[in-house]
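**Student:** Next up is a structure, given as structure tokens.
FYI, it's all coordinate maths here, none of it is from the lab. Computed from a prediction, not measured in an experiment: that's the story for all the values here. Don't worry about glycine lacking a Cβ; one is built from the backbone with ideal geometry, like all the others, and counts go over all protein chains shown.
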Amino acid sequence: MREPELQQSPKAIELLLDPAAETAIRAEWEALAAHGLSSLAAHTSASNRPHITLVARLGLPKVDPRVLADIPSFPITLGAPLLFGTGERRVMARSIVPTAELLALRTAVRSAVGTGDDAPHTAPGEWMPHVALARRLRVTDLAEALDLIGGDIRAHAHAVRHWDPTTSLITTLAELRPRRASAR
């Protein structure tokens, strides 16, 4: 008799947002929860922070933090809500307006981890940057949920972390610093 396969969660490299943007997203999580809607506010693990997943896979190698050492912070716009999935329940997320800086960061991370069996939402050609708001929102609750989401959120890239759900280990790979003003 064959042993059943254990379902594993992929490891991930994630981009965190500045504290003000994180507070704004958490306020949207709380607003959804306060109205009895699906929300990431219910997930109280220390690893649960607003983030943009750059790459996720089961066999994700360790990244040398020196690869990300010179990447400065950059602006990010969290835009209109979008839905992922099919059926009666969906993931609702904030869209991210892709910028050259975000795409360069993702390229650097993907180069550092090499090729592999990426989770579908981070695979080349399928990645759509986003920040999740709710994981199992009923389609029938969509109009009410959208009324609770504000306008665009202006943010800055803050840090890059590695998250291993099997060990609950979170490793900061880089703290992104503002660009230094050039000497004139």
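**Student:** Using each residue's phi in segment 130-147, evaluate 6.51 cos²θ - 1.76 cosθ + 1.60 at θ = phi - 60° and report the 3J(HN,Hα) Karplus result to the nearest Hz, with x for Gly and Pro.
**Tutor:** For segment 130-147, the Karplus curve yields 6, 10, 6, 10, 8, 9, 9, 6, 5, 4, 5, 9, 4, 4, 5, 5, 5, 5 Hz.
**Student:** Would you work out the charge dipole size for the chain about its Cα centre, treating the Cβ of every Lys and Arg as +1 and the Cβ of every Asp and Glu as -1, and quote it to the nearest 20 debye?
**Tutor:** Taking the Cα centre of the chain as origin, the dipole is about 460 debye.
**Student:** If you don't mind, another one. Work through the residues other than L16 whose Cβ is under 9 Å from its Cβ and net out their charges, Lys, Arg +1 and Asp, Glu -1.
**Tutor:** Within the 9 Å Cβ shell, the charges total -1.
**Student:** For I71, I25, which order do you get if you count the other beta carbons within 10 Å of each Cβ and list the fewest first?
**Tutor:** I71, I25
**Student:** Taking the Cβ of L137 as the centre, find all other residues whose Cβ is under 11 Å away and add up their charges (Lys, Arg: +1; Asp, Glu: -1).
**Tutor:** Taking every Cβ under 11 Å from that of L137, the sum is +2.
**Student:** Continuing with this model, one more query. Compute the Cα gyration tensor for segment 14-79, then decide on rounded, prolate or oblate, letting a ≥ b ≥ c be the square roots of its eigenvalues: rounded whenever a/c is under 1.5, prolate when a/b is larger than b/c in the other cases, and oblate in all that remain.
**Tutor:** Oblate, because a/c is 1.5 or more while a/b does not exceed b/c.
**Student:** Using the Kirkwood radius built from alpha carbon pairs, what does the Stokes-Einstein equation give as D for the chain at 25 °C and 0.890 mPa s, in µm² per second?
**Tutor:** Roughly 141 µm²/s, to the nearest whole number.
**Student:** Using a simple spin-label model with points 7 Å from Cα along the Cα→Cβ vector, what separation in nm is obtained for L146 and T107?
**Tutor:** So the label points at L146 and T107 sit 3.5 nm apart.
**Student:** Right, next: Going by C-beta contacts inside 10 Å, put M92, M128 in order with the fewest on the left.
**Tutor:** M128, M92
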